[in-house]
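Take a look at the structure below.
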Amino acid sequence: MKKMNQTLWLLLALSLTFVTGCSEDDDPEPIPVEYGGITFPQGEISFADAVVSYTPGPGVSSPYDDPTLALEAPDDTEYTDNAVALGDEGVLVLRFTDNSLITSGDSEYDLWIFEIGDLEPTDVAISTDGTGWIEVGANSGATSGIDIDAYIGSGVVAGKKYYFVKLTDLLPHQTGSPYAGADIDAVGAITTVPEGIITAGGSDGVTTPAIK
Ligand SMILES: [Ca+2]
Ligand SMILES: [Ca+2]
Ligand SMILES: [Ca+2]
Ligand SMILES: [Ca+2]
């Protein structure tokens, strides 16, 4: 009887050690999410988190002039005015704070732009610091992906973390006021690296991520 009790205690102690070890040391596994048929393996953190700047072109007014509508996961699948209009040749700069965009090492798409309504293309550039920009081509409008590995050798560096995405509406003029130009619902990174604590800094009020 005594031996049996000892065995039970030993088993209990072992299982407690196992449970405690798992919960303390391991990051939780990301839960993939799917939007518009595209799977984001790192889950909800994959999407842009903050607006750096918004310079709309002509033909945009409320409620289509709110750049925060381009943040986080896509939510305008039913045309519920949850996208920001850029206006003709307008510019929107977004940033990732709890994740970053990196190359995938293959020709799979790495960055997705969710644009709604009439197809309106944008020029896309990415940056590590929000100042030096690397052109990664134009997207076609609607939900479209970009392979940034294709730009290795013309600015993109494999494995480097890109925190900033700049979208510039491209002519020709298609839709008019109040939602002229490309309508951006969301921007997501497939090959996304989770971030730890971001250090704040910079006199312009823009939080500058620690470049690693
Ligand atoms: Ca994010
Ligand atoms: Ca890629
Ligand atoms: Ca559109
Ligand atoms: Ca949105």
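For the range 55-78, which positions are open to solvent by less than 50 Å² (accessible area, probe 1.4 Å), more than 16 Å from ligand 1 (Cβ to nearest atom) and under 21 Å from the mean Cα position of the chain (by Cα)? Scanning the range 55-78 gives 64, 76.
Restricting 98, 81, 88 to those that are without any contact (Cβ under 8 Å) to a residue 40 or more places away in the chain and open to solvent by 20 Å² or more (accessible area, probe 1.4 Å) reduces the list to 81.
Within the range 133-162, the set of residues being free of Cβ contacts under 8 Å to residues at least 60 places away in the same chain, within 21 Å of residue 40 (Cα to Cα) and not hydroxyl-bearing (Ser, Thr, Tyr) comprises 136, 139, 141, 142, 146, 147, 148, 149, 150, 158, 159, 160. With respect to residue 116, determine if the residue is farther than 18 Å from residue 41 by Cα and touching a helix residue (DSSP H, G or I) at 6+ places or on another chain (Cβ under 7 Å). Answer is no for this residue. In a residue-by-residue description of the range 45-67, the property of being more than 16 Å from ligand 3 (Cβ to nearest atom) and of a type in the set (Phe, Trp, Tyr) applies to at least one position. Only one of the numbered conditions (1) closer than 20 Å to residue 183 by Cβ; (2) assigned to a loop (DSSP other than H, G, I, E, B); (3) of a type in the set (Asp, Glu) is violated by residue 129, and that is (1). For the range 108-118, the criterion of a residue being buried (at least 16 other Cβ atoms within 10 Å of the Cβ), more than 16 Å from ligand 3 (Cβ to nearest atom) and more than 15 Å from the chain's Cα centre (by Cα) is satisfied by no position.
The values are calculated or read from the model by the stated rules, or taken from the named source; none is laboratory data. Remember, predicted model here, so these are calculated numbers, not experimental data. Methodologically, a virtual Cβ is constructed for each residue, glycine included, from the backbone with ideal geometry; neighbour enumeration extends over all protein chains shown. Protein only, heavy atoms only, side chains kept; ligands, DNA and RNA dropped before computing areas. Shrake-Rupley method; radii C 1.70, N 1.55, O 1.52, S 1.80 Å.
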